[in-house]
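The values are calculated or read from the model by the stated rules, or taken from the named source; none is laboratory data. Keep in mind the model is a prediction, meaning the values are calculated, not measured. All Cβ positions, glycine included, derive from the backbone under ideal geometry; neighbour counts span all protein chains shown.
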Amino acid sequence: MTGEESIRLTSYPIKAENTKSSEAMKCFPFSYRGEKNETPKNPTKSISVTSLFTGRSWTGMNSQTVSDVSTESTRRANVPCFSQSPSNLKVFTFAELKSATNGFSRSSKIGEGGFGCVYIGSIKSPQDPSQVVRVAVKQLGRQGLQGHKEWVTEVNVLGVVEHPNLVKLIGYCAEDDERGIQRLLVYEYMPNRSVEDHLSARTDEPLSWTMRLKVAQDAARGLTYLHEEMEFQIIFRDFKSSNILLDDQWNSKLSDFGLARLGPQEGLTHVSTAVVGTMGYAAPEYIQTGRLRSQSDVWSYGVFLYELITGRRPLDRNLPKNEQKLLEWVKPYLASKKFRLIVDSRLEGKYSLKTAQKLAIIANNCLSKNPKARPKMSEVLEMVNHLVGNTSEGTSPRSPLLV
């Protein structure tokens, strides 16, 4: 994988406050052409999601999504209508979420991304108001149109999809007051942080080999659902370890759908779009041409498998020059007896070498230079399921972390 160092940083994964993001993990810029930010003028007013883009009157979640709109006229054909898929999202007031997070206090802050901060909060359960549940509240900053576009995409995607391996969006807040637009998202709380956090060299709790296989399986399930198990196809477009979160049972769930895109219409092979994503994960043909396919996510998944095997980031400028690009560094070891030298040393030998080599073979299939030669995610999932073997469906390994 290659990428110019001058590429502008425009999107960040959500990270805990005490972690430092690598300068190497930069994101591609998103281009806008001819968009207008139509902001309502009335103070302290609940506003519609899509009217912020199109100026239309709108209530509820049955509107046309605005995922990846550059100009309404040129993008409309690539935007799905979810009118047959009503959402169960709860609409929160800003006052409710301010109270839930103790006034967005510093003590409630659990993460920070490029478009705002994330706070832990407590709300009444939408299913049982007598119960209080913990939630993660993401407050968008006031950076303007791009951040708002990603916020709207999150609402439109997670408002109509539901799967055990996708983070659940509980609701949102969109209010206009004298200070501007307040935009917030309320998610289920994922207490065990991201997979990236547990693969980081700074962690004292690296994932066990059994848990890494389960993460690979869970992530493949999530992508299979997005690509193949709905009436429309969603391409994640920013699949990476920091966007895979772990719940209290150590189940993995895909998160952060702000860059997600509707797949090509029937009869078409790809969607032409601006290039976004994280360096080290993005498929080479997508970077070069802007032609987006579901196979772009498959490439990113292949990169991620090597991340699980090695414990290394896809691109790390802190390493010696010949080791900075993960896919180039592993090549000499794959077909030799030295394969074990690329396996994460923090596993301390507690892994199956044969299984690790088979996982690398699956990764190589996903990393075919020809996107048409890459397997579908359902085929990848079948291979990973076979590899995991006796791991029960929907259960977590007994000891997810090394002791």
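Could you tell me which of the residues 311, 302, 349, 290 is in the same structural domain as residue 381 (by TED's automatic domain parsing), on the phi > 0 side of the Ramachandran plot and modelled with pLDDT of 95 or more?
Checking each option against the conditions leaves just 311.
Conditions (1) within 24 Å of residue 303 (Cβ to Cβ); (2) within 16 Å of the chain's Cα centre (by Cα); (3) free of Cβ contacts under 8 Å to residues at least 60 places away in the same chain; (4) assigned by TED's automatic domain parsing to the domain that holds residue 92, marked per residue:
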site	(1), (2), (3), (4)
155	no, yes, no, yes
171	no, no, no, yes
201	yes, no, no, no
206	yes, no, no, no
209	yes, no, no, no
234	yes, yes, no, no
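Would you mention how many residues in the range 337-394 are among the small types (Gly, Ala, Ser) and in a loop (DSSP other than H, G, I, E, B)?
If we filter the range 337-394 for residues that are among the small types (Gly, Ala, Ser), which is where we start, we get 345, 349, 352, 356, 360, 363, 368, 373, 378, 389, 392, 394.
Those left that are additionally in a loop (DSSP other than H, G, I, E, B): 349, 352, 368, 389, 392, 394.
Number satisfying all stated conditions: 6.
Is the range 336-344 home to any residue that is modelled with pLDDT of 95 or more and out of contact with any Leu (no Cβ under 9 Å at 6 or more places or on another chain)?
Checking the range 336-344: at least one residue is modelled with pLDDT of 95 or more and out of contact with any Leu (no Cβ under 9 Å at 6 or more places or on another chain).
Go through 312, 317 for me and flag whichever is under 19 Å from residue 240 (Cβ atoms), in contact with a helix residue (DSSP H, G or I) (Cβ under 6 Å, 6 or more places away or on another chain) and in a loop (DSSP other than H, G, I, E, B).
Of the residues listed, the single one that is under 19 Å from residue 240 (Cβ atoms), in contact with a helix residue (DSSP H, G or I) (Cβ under 6 Å, 6 or more places away or on another chain) and in a loop (DSSP other than H, G, I, E, B) is 312.
Got a number for residues in the range 99-125 being charged (D, E, K, R) and within 20 Å of residue 194 (Cβ to Cβ)? Reasoning before the result, please.
To start, the set of residues in the range 99-125 that are charged (D, E, K, R) comprises 106, 109, 112, 124.
Of the ones still in play, those that are also within 20 Å of residue 194 (Cβ to Cβ) are 109, 112.
Summing the residues that are charged (D, E, K, R) and within 20 Å of residue 194 (Cβ to Cβ) in the range 99-125 gives 2.
Considering only residues that are within 25 Å of the chain's Cα centre (by Cα) and among the polar types (S, T, N, Q), look in the range 89-121 and name the one that is surrounded by the most Cβ atoms within 10 Å (Cβ to Cβ).
Restricting to residues being within 25 Å of the chain's Cα centre (by Cα) and among the polar types (S, T, N, Q), the top hit is 101.
Say we look at the range 351-376 and pick out the residues that are of a type in the set (D, E, K, R) and out of contact with any helix residue (DSSP H, G or I) (no Cβ under 6 Å at 6 or more places or on another chain); which of these is farthest from residue 282 (Cα to Cα)?
354
So which of 223, 213, 259 ends up being among the hydrophobic types (A, V, I, L, M, F, W, C), under 13 Å from the mean Cα position of the chain (by Cα) and closer than 26 Å to residue 358 by Cα?
Criteria check complete, one pass: 223.
So, in the range 366-378, of the ones that are under 22 Å from the mean Cα position of the chain (by Cα) and within 13 Å of residue 302 (Cα to Cα), which residue ends up surrounded by the fewest Cβ atoms within 10 Å (Cβ to Cβ)?
Applying the filter and picking the extreme gives 376.
If you scan the range 73-107, which residues turn out to be modelled with pLDDT of 65 or more and among the basic types (Lys, Arg)?
90, 98, 106 - these are the residues of the range 73-107 that are modelled with pLDDT of 65 or more and among the basic types (Lys, Arg).
Would you kindly identify the strands (runs of 3 or more DSSP E) lying entirely within the range 103-144 that contain at least 2 residues that are touching a Gly at 6+ places or on another chain (Cβ under 8 Å) and of a type outside the set (S, T, N, Q)?
116-124, 132-140
Considering only residues that are in a loop (DSSP other than H, G, I, E, B) and surrounded by 16 or more Cβ atoms within 10 Å (Cβ to Cβ), which ones fall in the range 324-336? Give the derivation first.
Filtering the range 324-336 down to residues in a loop (DSSP other than H, G, I, E, B) leaves 324, 335-336.
324, the sole residue that qualifies.
Can you tell me which residues in the range 122-145 are surrounded by 17 or more Cβ atoms within 10 Å (Cβ to Cβ) and either at pLDDT 95 or above or among the aliphatic types (A, V, I, L, M) (or both)? Walk me through it before giving the result.
Here is the first cut: in the range 122-145, the ones surrounded by 17 or more Cβ atoms within 10 Å (Cβ to Cβ) are 123, 135-140.
Answer for the range 122-145, where residues must be surrounded by 17 or more Cβ atoms within 10 Å (Cβ to Cβ) and either at pLDDT 95 or above or among the aliphatic types (A, V, I, L, M) (or both): 123, 135, 136, 137, 140.
Residue-by-condition table, conditions (1) in contact with a helix residue (DSSP H, G or I) (Cβ under 9 Å, 6 or more places away or on another chain); (2) touching a residue at least 12 places away in the same chain (Cβ under 8 Å); (3) among the acidic types (Asp, Glu):
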site: 240; (1), (2), (3): yes, yes, no
site: 244; (1), (2), (3): yes, yes, no
site: 248; (1), (2), (3): no, yes, yes
site: 256; (1), (2), (3): yes, yes, yes
site: 260; (1), (2), (3): yes, yes, no
site: 271; (1), (2), (3): yes, yes, no
site: 274; (1), (2), (3): no, yes, no
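Does the range 314-348 hold any residues that are of a type in the set (Asp, Glu) and closer than 20 Å to residue 358 by Cα, and which are they?
Once the filter is applied, which keeps residues that are of a type in the set (Asp, Glu) and closer than 20 Å to residue 358 by Cα, the range 314-348 yields 328, 344, 348.
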